[in-house]
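First comes the structure, then the notes that go with it.
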Amino acid sequence: MKRFNLFVKLVEMILDVDCEFRDDVHHDLDDVLAGAVLGTNIILLSENLKKNMADNPLLVYLVLAHEIRHTWQFANQSYSFENYYTGKEAPEKYEMQECEIDANAFAYLVLQLVTGKTPKHNTWKIFSYDSIMLRVRELEFAFRLRCKNRDVRKLVSILKQYNKF
């Protein structure tokens with residue numbers, strides 16, 4: 001559990017946000033691992049996420065970075081969530097929303113930073129993968145600058161010791 005707390009701290013530090021994590025007690029997230037509550041800094045964690053911590057930590061990292069990015073989007077009003085689609089309503093429209101492409105691209109960069117691996121996430125559909133990779137290239141320079149912070153580098157170093165993937 002400690003490595004996940006360190007990972008969250010790292011992502012929050014990179015984005016300069018502070019998230020509040022809560023258990024999904026109402027089971028709104030039965031089919032997903034986590035979800036950001038629109039317009040807040042709250043991230044709901046499903047039981048499925050907790051089960052995946054031991055079996056699939058890379059997926060958990062990817063999901064947490066993605067959802068923390070959404071809290072940054074809300075705080076910075078960088079995307080409109082007025083006509084937001086969920087994955088249940090319209091999977092293709094959901095995947096192609098700018099806020100989702102941005103969150104996926106950010107998560108890709110964070111996972112690459114922490115593990116040194118290129119993420120292969122099977123929920124990225126073929127129609128959104130190219131858009132995500134384009135956004136990765138757009139974010140990369142600013143992301144690398146933020147990661148030069150001494151505290152960020154220190155956390156990355158600690159996490160790399162925890163993560164022998």
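What follows draws every value from the coordinates through simple rules; no lab data is involved. What you see is a predicted model, and the numbers here were worked out from it, not measured in a lab. No Cβ is skipped: glycine too gets one built from the backbone with ideal geometry, and neighbour counts run over all protein chains shown.
Quick rundown of the values:
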quantity	calculated
Residue with peak Gaussian network fluctuation, the chain [Cα springs, cutoff 10 Å], from Gln77, Gln97, Gln112	Gln77
Per residue convex hull volume, Cα atoms of segment 61-115, in Å³	77
Taking Thr118, Thr40 and counting other C-beta atoms within 10 Å, the order from fewest to most	Thr118, Thr40
Percent of alpha-carbon pairs separated by more than 20 Å within segment 34-165	47
Above-threshold pairs, the threshold being 29 Å between Cα atoms, out of Lys51/Lys117; Lys88/Lys154; Lys50/Lys88	Lys88/Lys154
Simple label model, 7 Å out from Cα along Cβ direction - Met133 to Leu38, nm	3.2
Other-chain or far-sequence residues with amide H under 5 Å of Ala34's (modelled H)	Ser46
At R0 = 45 Å, FRET efficiency that the Cβ-Cβ distance of Lys160 and Lys88 yields, to 0.05	0.80
Inter-probe distance in nm under a simple model that places probes 7 Å from Cα toward Cβ, at Gln112 and Lys50	3.4
Charge sum, other residues only, whose C-beta stays under 10 Å from Thr71's C-beta, Lys/Arg counted +1 and Asp/Glu -1	-3
Extension gain (nm, one decimal) between Glu20 and Ser78, 0.36 nm per residue minus Cα-Cα	18.9 nm
Average projected area [Cα convex hull, segment 18-85], square nanometres	4.7
With at most 12 other Cβ atoms within 10 Å, longest stretch of the chain clear of loop GluC sites (Glu not before Pro) (DSSP)	1-81
